[in-house]
Amino acid sequence: MSKQRLKQNIGYLAGGAVALFFFLVPLCRLALMSLTTDQGFGLDNYAALLAESRTLRAIGNTVIIAVASTLIAVVLGSLLAFLVAYTDLAHKKWIEILTLAPFVIPSYIITLSWSTLLSARGSLNQFLDSAFGFKVNIYSLGGIILVLGICNAPVVYLNVLPFLRKIPRDLEWAARVCGRSLWQTVRCIDLTQAAPAVASGGMLAFLAAIDNFSVPAFLGIPAGIPVLSTYIYENVIGFGPSAFRSAAALSVLLSAIALTGTALQGLLVKKSSGMESIREDFSVRVPLGRARLPVQWITLGFLALVNIFPLITTITSSFFPACGTRTLANFTLENYRFVFTNRGIRQAFLNSALLAAATCLICILVGTALACRKVRRRCPASRLVEQSASLTYAIPGIVLALAMIFHWTMVPGVYGTIWILLIAYVTRYLVLQIKSSTNAMLALDVSLEEAAALFGSGRIRMWRQIILPLTIRSILSGTFLIFMQSLTELTLSSMLAAAGTKTIGLSIFSLQQGGDYQRAAAVSAAVIGAVALGYGLSALLPLLAGLKKRARKPRQAAPLAAAPAQAL
Amino acid sequence: MSVLIKNVTKMYGDARALDNVSVEIADGEFIAILGPSGCGKTTLLRTISGFVRPTGGTVEVDGRLFSSDKVQVPVEQRGLGMVFQSFALWPHMTVRQNIEFPLKSRRNQALPPQQRRQAVEAAMASTGLKKLQDRLPGELSGGQRQRVALARAIVEKPALLLMDEPLSALDAELKISMRKEIQDIHKLTGASIVYVTHDQSEALAMADRIIIMKEGRIEQVGTPEEIYYRPKTLFAATFVSKCNLVRGRWEGDCFWADAAAGQNQPFARGPVESCFREAGVCPVRPEEFTMTRIGMGLEGRVVNRQWGGREIHYKVECGTELFTVYAGLFDNYAEGDRVVLQRREAAREIAI
């Protein structure tokens, strides 16, 4: 064996070992734990769980919530995508921003805002009660479905919108010539063509609904409505290690649903492929004529009501004390004073910021290196790491958290410190970076590198002057997504954080669970501010860097639009 | 079906895509609209089909008003057949379903199923698609897709067939063989055909008449022979028959070329369109030149030679002008040779 081959093989082995240790072994430990019984191994844990009515209820709730919220998301997301892609509505930019708001704002803040808006003693419910004699209870199955549907609509929207734009106009014109009216054409050509994209978006929404922890945690736990993710959480937090085995068994069940969904989604994506190379067509295909203005204002009004109004209510409520009426006399900054002076909250902000930054740094280095080796050298080890990393992204967050506990308690000095969170975040989000870096490397023609080498560039110069300038935008779009997600993360930290390592998400969660809604609202307002600042900067940065020419209008939402493609 | 286009103008913002276009297309006529990209030919076709609403002017078909600034008959009610550059086959339907599609529209509701089936069979038979009827478009070759697009366009037996660069997505060999199929379809259906193309050889080969367009305006309308031999504008001369424009001055019917100054006989004679007279140029097609080593005419030097099997293409530099010459295989000159160019008629006249 030549020296080079030896070196290469050692590299593969090292890569494989890392993939195994960080990504696969934790999952295996989880599976193993679910099969462990006092006598050895067996299916006793599953049998015991399935005999319990609460488990069956949790499974039933999970399925009902996932299916129903997916229906809402599909209808809402597809309709909005159709309006933005095809019609002549004005203010499309605002429609898009309003549509995507629930995608950008963490779902626990949206949940908090809906529960504030529809609180039992809130003005909306008071009004409904006096006018129609009923109140809307958001702490219910219906409430969870509604909020999840709203939260997941952008996923469908982002999946369907580019696809609709890519359907060639010739196909429509041909149908018109063949005697079909505009609406007949939309129905039997465009919607039929877009069906796989709608289905694939729906599958993503379904997976997001199963994965989601915060919505059922905020609304379901107080009302005693268990779903699988919160049921696992309650078992582990409530009963500690004694509940590990049954929690592991529940996790395997939940993962089975999620992985089946992921596989189905992969098939759907394959079915709708072949459109990648087609350019998006931004022209107006369906002029609405006289209906344009009504449709436009109904759409904007609906979006503002559903996606913005609850947030505003929440932010407003943070300026008033918990009890008493909301008059100007009661206006107070007390809640904000608490946010900015409380040591726990300050520590949580610091933790989240540090974690997000460190996660990004590790992901961008490791992920880009892996993508590079995969694309340019077809290295099997990096492919293995990628596949393992997509597995840890595809399974629900609560399951990954549990697997992390099982695995990293074996390594001293990790569990209970901030390191477990960092490791969990990297394990969770690395695949996003690998995907976006892979896309960046694929878009870069290898001949550009060869030309640079031919004209005598060294490796460093080649990276600095050729590769980085051409790929940095696309690489950073993944990094940005990771930053935003880990900054506002809740699921992993709810299981893994200890006393000194609370995150922002967890602080809001604790305040809400403790009934301290006004302070939770104040922290949320601060988070919304940070998120808005982040997205604002991401839109401005290319301007400042003078990259405006390459970042044309449709690409401005690049960090957002890239998300669904990267999600799996 | 006859089409009457009167003073049609189309504005996109400040840009004039069509500028006062008027033309009449007779029943059963094969008419080609020829021009470079951006000349407005596709806009004109889309105005006839109803996808584009004219800013001014009217389109009438068989005496019925189809388009004006007030009236716009919807596309689906115009009863046209159309073939698209990209073929525009619906990828989720089989060949048969694609061809059947027009017959299932509202305007064919009254058609009995028996006749519908016959029409589909006939359209598939005339394009040789019977064996492929259950395939999806993705499983067909370029030529086969083209045939499906043609079959779909003729299955309703429309009296007016529009074709938007139907051959430009095919490779060179297939382009030539599909021309015959389109001619056959024209004979078979007897429909009027409006055929948009930027390839002058296609237009010359198939059309009864050609419309030459440039910058939204009609330059010339005429039979292929008229356009080829008697271009009426400088653009028609250079675009269709690739004429060289020899600089000089006209005196009556005699043309004195600048590059042949000092010679005692004119370079060319004969009637000529006034635009050439005003521009001080004489149009000479590449094959109209004769090339000799000595004699009267344009004296120049061969700067480029491309052997083509049937003929040889030369570039000849005469003073500051550069001419394209197509010569027979026996007029073999090397790059750098000094030559004299004459116009063929002129040469014949001298011989007589």
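The values are calculated or read from the model by the stated rules, or taken from the named source; none is laboratory data. The model shown is predicted, which means the values in this text are computed figures rather than measured ones. Don't worry about glycine lacking a Cβ; one is built from the backbone with ideal geometry, like all the others, and counts go over all protein chains shown.
Restricting the first residue to region B:298-313 and requiring it to be without any contact (Cβ under 8 Å) to a residue 60 or more places away in the chain, which pairs with a second residue that is surrounded by fewer than 12 Cβ atoms within 10 Å (Cβ to Cβ) meet a Cβ separation below 6 Å and a spacing of at least six or different chains?
B:302/B:335; B:305/B:335; B:313/B:306
For residue A:279, which of the numbered conditions (1) without any contact (Cβ under 8 Å) to a residue 40 or more places away in the chain; (2) of a type outside the set (A, V, I, L, M, F, W, C); (3) in contact with a helix residue (DSSP H, G or I) (Cβ under 9 Å, 6 or more places away or on another chain); (4) exposed (fewer than 15 other Cβ atoms within 10 Å of the Cβ) fails to hold?
(1)
Look at residue A:139 and say whether it is under 30 Å from residue A:308 (Cβ atoms), part of a helix (DSSP H, G or I) and in the same structural domain as residue A:284 (by TED's automatic domain parsing).
Details: under 30 Å from residue A:308 (Cβ atoms): yes; part of a helix (DSSP H, G or I): no; in the same structural domain as residue A:284 (by TED's automatic domain parsing): yes.
No; evaluated as a whole, the condition is false for this residue.
Quick check on my filter: what residues within region A:490-524 are assigned to a helix (DSSP H, G or I) and either closer than 17 Å to residue A:119 by Cβ or among the aromatic types (Phe, Trp, Tyr) (or both)? Spell out the reasoning first.
Of all residues in region A:490-524, those assigned to a helix (DSSP H, G or I) come to A:491-496, A:499-501, A:504-513, A:517-524.
Selection gives A:508, A:509, A:511, A:512, A:513, A:517, A:518, A:519, A:520, A:521, A:522, A:524.
Mind listing whichever residues of region B:67-101 are in contact with an Asp or Glu (Cβ under 8 Å, 6 or more places away or on another chain), under 17 Å from residue B:119 (Cβ atoms) and in a loop (DSSP other than H, G, I, E, B)?
B:79, B:94, listed by residue number.
If only one of B:180, B:130 is within 22 Å of the chain's Cα centre (by Cα), loosely packed, with under 15 Cβ neighbours inside 10 Å and either of a type in the set (D, E, K, R) or not assigned by TED's automatic domain parsing to the domain that holds residue B:62 (or both), which one is it? Explain how you work it out, then say what you get.
Numbers: B:130 fails: within 22 Å of the chain's Cα centre (by Cα).
Just a single option satisfies the conditions, and that option is B:180.
Does any residue of region B:84-93 turn out to be over 24 Å from the mean Cα position of the chain (by Cα) and of a type in the set (S, T, N, Q)?
Filtering region B:84-93 for residues over 24 Å from the mean Cα position of the chain (by Cα) gives B:89-93.
Those still in the list that are of a type in the set (S, T, N, Q) too: none.
Among the residues of region B:84-93, not one is over 24 Å from the mean Cα position of the chain (by Cα) and of a type in the set (S, T, N, Q), which makes the answer no.
Of everything in region B:37-75, what is more than 14 Å from chain A (Cβ to nearest Cβ), touching a Phe, Trp or Tyr at 6+ places or on another chain (Cβ under 7 Å) and of a type outside the set (D, E, K, R)? Give them in sequence order.
B:59 - this is the single residue of region B:37-75 that is more than 14 Å from chain A (Cβ to nearest Cβ), touching a Phe, Trp or Tyr at 6+ places or on another chain (Cβ under 7 Å) and of a type outside the set (D, E, K, R).
If you go through region B:60-75, how many residues are buried (at least 21 other Cβ atoms within 10 Å of the Cβ) and either touching a helix residue (DSSP H, G or I) at 6+ places or on another chain (Cβ under 6 Å) or under 16 Å from residue A:176 (Cβ atoms) (or both)? Let's see the steps before the verdict.
Step one: list which residues in region B:60-75 are buried (at least 21 other Cβ atoms within 10 Å of the Cβ), which gives B:61, B:66-67, B:75.
Then drop every residue that is not either touching a helix residue (DSSP H, G or I) at 6+ places or on another chain (Cβ under 6 Å) or under 16 Å from residue A:176 (Cβ atoms) (or both), which leaves B:66-67, B:75.
Matching residues across region B:60-75 total 3.
Inspect all residues belonging to region B:98-107 and state whether any of them is more than 14 Å from chain A (Cβ to nearest Cβ), crowded, with 19+ Cβ neighbours inside 10 Å and touching a residue at least 12 places away in the same chain (Cβ under 8 Å).
Looking through region B:98-107, none of the residues is more than 14 Å from chain A (Cβ to nearest Cβ), crowded, with 19+ Cβ neighbours inside 10 Å and touching a residue at least 12 places away in the same chain (Cβ under 8 Å).
If only one of A:128, A:124, A:148, A:141 is more than 14 Å from chain B (Cβ to nearest Cβ) and either among the β-branched types (Val, Ile, Thr) or crowded, with 20+ Cβ neighbours inside 10 Å (or both), which one is it? Show your work before the answer.
Working: A:128 fails: either among the β-branched types (Val, Ile, Thr) or crowded, with 20+ Cβ neighbours inside 10 Å (or both); A:124 fails: either among the β-branched types (Val, Ile, Thr) or crowded, with 20+ Cβ neighbours inside 10 Å (or both); A:141 fails: either among the β-branched types (Val, Ile, Thr) or crowded, with 20+ Cβ neighbours inside 10 Å (or both).
Only one candidate qualifies: A:148.
What number of residues within region B:76-97 satisfy the criterion of being over 14 Å from residue A:178 (Cα atoms) and more than 7 Å from chain A (Cβ to nearest Cβ)? Spell out the reasoning first.
First pass over region B:76-97, keeping only residues over 14 Å from residue A:178 (Cα atoms): B:85-86, B:91-96.
Cutting the leftovers down to more than 7 Å from chain A (Cβ to nearest Cβ) gives us B:85, B:91, B:93-96.
Residues flagged as over 14 Å from residue A:178 (Cα atoms) and more than 7 Å from chain A (Cβ to nearest Cβ) within region B:76-97 amount to 6.
When you scan region A:185-199, how many residues do you find that are surrounded by fewer than 16 Cβ atoms within 10 Å (Cβ to Cβ) and closer than 18 Å to residue B:102 by Cβ?
So the count comes out to 2.
If you take just the helices (runs of 4 or more DSSP H) that sit entirely in region A:389-480, which of them hold at least 2 residues that are loosely packed, with under 15 Cβ neighbours inside 10 Å and not assigned by TED's automatic domain parsing to the domain that holds residue A:211?
On the way: elements: A:397-408, A:418-443, A:446-454, A:459-462.
In region A:389-480, the matching helices (runs of 4 or more DSSP H) lie at A:418-443, A:446-454, A:459-462.
If I filter region A:497-519 for residues that are aromatic (Phe, Trp, Tyr) and modelled with pLDDT under 90, do I get at least one hit?
Kept after step one, since they are aromatic (Phe, Trp, Tyr), are these residues of region A:497-519: A:509, A:517.
With modelled with pLDDT under 90 added as a condition, the list becomes A:517.
The answer is yes; a qualifying residue exists.
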